[in-house]
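Here is the structure we will look at, set down as structure tokens.
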Amino acid sequence: MSVTEPNPSALPDLTPARTGAKAFRDLVSDPAMTRFRMRYQFALDEVTTKISILRKEFEEAHDHSPIEHVRTRLKSVESLFAKVDRIGCPPTLEDIEARVRDIAGLRIVCPFISDVYWISDMLTAQPDVTVLEVEDYITKPKINGYRSLHLIIQVPVFLSDRTEHVPVELQIRTIAMDFWASVEHAIYYKYDGTVPTTLLEELHHAADTAATLDQTMGRLRNEVRELGT
Ligand code: 0O2
């Protein structure tokens, strides 16, 4: 495309701070933006259905549910553009599509670590699921103690006139990991990112305690299961 031609997928200057409240409101209700976000919602719906099927099938055959709860979130336009600005992504739908892969997000919280990997293995083995990225922060926790299995998968979304391949970010973790992450997140925001060192150390210690709890509960569950057979 020549520089003089208007780019049909270019959106107005997007960052809320730059555009002002009215322009930002226009952007939120821009039909191109609505259509763009819709396909991520469809992808979330598809993955949610896949998880629901896996969960029900597992519950039929085992003595517990592999999933405590599932939460989905479609990135708001405001936080999408905060990210676009932060990563220096050009404000066109093509660029955003290529560079921001967590517009559709799904968090799956499981009782045991074995459930986390079971869900991940089952989902990623499905023929219409493409794995784009895996970050295993359970075997390799973040420096602050954060643990979770992160995946970016791509699923086909069948629209009336075409098929779109849409990325979805999955965070799969145990109840203990999720509890830690939600408290850590709240503390981080309360201190606006500059958390006192003593608190960081305590958080790290709490993350290790949560990891020990996960291991112990997994072991106990296995022992009890062996007794039952
Ligand atoms: P939100 O609203 O939760 O989505 P990027 O995804 O590109 O911004 P990166 O480093 O590739 O950054 O992603 P990473 O590290 O896989 O983290 C993505 C998400 O994981 C974060 O989303 C958090 O939800 C969660 N996460 C990662 N690290 C931590 C952590 O140390 N503590 C907590 N509580 N959560 C974490 P966002 O972008 O923060 O926002």
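When you look at ILE152, is it at pLDDT 95 or above, open to solvent by 10 Å² or more (accessible area, probe 1.4 Å), part of a strand (DSSP E or B) and among the hydrophobic types (A, V, I, L, M, F, W, C), yes or no?
In short, yes.
I'd like the full set of residues that are within 20 Å of HIS150 (Cα to Cα) and either basic (Lys, Arg) or within 12 Å of the ligand (Cβ to nearest atom) (or both), limited to segment 89-112.
If the condition is that a residue be within 20 Å of HIS150 (Cα to Cα) and either basic (Lys, Arg) or within 12 Å of the ligand (Cβ to nearest atom) (or both), then ARG99, VAL100, ARG101, ASP102, ILE103, ALA104, GLY105, LEU106, ARG107 are the ones that fit.
If you take the residues of segment 59-72 that are over 19 Å from PRO167 (Cα atoms) and open to solvent by 50 Å² or more (accessible area, probe 1.4 Å), which of them is nearest to the ligand (Cβ to nearest atom)?
HIS69
Search segment 98-109 for residues that are open to solvent by 10 Å² or more (accessible area, probe 1.4 Å) and pair each with any residue that is β-branched (Val, Ile, Thr) and within 8 Å of the ligand (Cβ to nearest atom) when their beta-carbon atoms are under 7 Å apart and the residues are at least 6 apart or on different chains.
Close Cβ pairs satisfying both conditions: ARG99/ILE87.
Would you tally the residues in segment 169-190 being within 12 Å of the ligand (Cβ to nearest atom) and assigned to a strand (DSSP E or B)?
5
Could you please tell me which pairs satisfy a Cβ distance under 9 Å, a separation of 6+ or placement on different chains, a first residue in segment 118-141 that is under 21 Å from ILE67 (Cα atoms) and of a type in the set (A, V, I, L, M), and a second residue that is assigned to a loop (DSSP other than H, G, I, E, B) and within 16 Å of the ligand (Cβ to nearest atom)?
Listed by first residue and then by second, the contacts come to ILE138/ARG147; ILE138/SER148.
So, in segment 129-151, exactly how many residues are under 16 Å from the mean Cα position of the chain (by Cα), within 9 Å of the ligand (Cβ to nearest atom) and not aromatic (Phe, Trp, Tyr)? Please lay out each step first, then the result.
Just the residues of segment 129-151 that are under 16 Å from the mean Cα position of the chain (by Cα), to begin with: 129-138, 146-151.
Remaining after also requiring within 9 Å of the ligand (Cβ to nearest atom): 133, 135, 137, 146, 148, 150.
Applying the additional criterion that residues be not aromatic (Phe, Trp, Tyr) yields 133, 135, 148, 150.
So the answer is 4.
With the condition kept exactly as written, say whether any residue in segment 73-88 is open to solvent by 50 Å² or more (accessible area, probe 1.4 Å), within 11 Å of the ligand (Cβ to nearest atom) and part of a loop (DSSP other than H, G, I, E, B).
Within segment 73-88, one or more residues are open to solvent by 50 Å² or more (accessible area, probe 1.4 Å), within 11 Å of the ligand (Cβ to nearest atom) and part of a loop (DSSP other than H, G, I, E, B).
The values are calculated or read from the model by the stated rules, or taken from the named source; none is laboratory data. Here the structure is a predicted model, which is why all the values come from computation and not from measurement. When we count neighbours, we look across all protein chains shown, and the Cβ atoms used for this are built from the backbone with ideal geometry, even at glycine. Only protein heavy atoms, including side chains, enter the accessible area calculation; ligands, DNA and RNA are left aside. Shrake-Rupley method; radii C 1.70, N 1.55, O 1.52, S 1.80 Å.
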